[in-house]
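One structure is given here, and the rest of the page talks about it.
Rule-based calculations on the coordinates, nothing more; no lab input. Everything numeric in this text was worked out from a predicted model, so none of it was measured. Here the Cβ positions follow ideal geometry from the backbone for every residue, glycine too, while neighbour counts run over all protein chains shown.
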Amino acid sequence: MALRVVTRILLGLAVLSACGRRDDAPPAGDQSRLEAMERRLDALDQRLASTEKNLAGGAQLRDDVRALGQRLDAAEAKVTQALATAQRPAAPAAAAPGAGAAAVPPAAPLDPGERRAQLAALMTEYRRRLSSLGTDQGAQGDPADRMMARRSLRDWYISHRRAILAGRPLPDWHPPTP
């Protein structure tokens, strides 16, 4: 009977020792999986840390956007106020100093069709003058002189276009009236 007890104890120790070796030293396949899992967890920790940093930056960005929105609202309010002030009829003021005979009377608003016709006539005149510039100077002229002549013609065109749009054509050229 004692032999049976001793045999059972020896068998139990053999089983326990066999089980203990697997727990202490995992096989090579399990070791590589464990290392891969650790690398993945480290990468996730790094991403989580960078996400936390980005959240702080996002809060600052939201504050900046809110501040810019407030500044934009204030600018829009000022523009609206300026437009309202400009649309109010001006009170008849006494003669402003230095605004005697040089003051230009306000022009009556032009009909959009008439304004388009004047702008078309101006464009035709500009093209005619530009074409005559090219034929007069030809290829023999100095390139700097040709460029200066074209620029002065362009300045002439722009000033007349602005004057027509403002309703005050300049005296050196008037568009033909239909």
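The magnitude of the dipole of the range 112-166, with charges of +1 and -1 set on the Cβ of Lys/Arg and Asp/Glu and taken from the Cα centre, is near 260 debye. With a Förster radius of 25 Å applied to the C-beta separation of LEU170 and GLN87, the computed FRET efficiency comes to 0.35.
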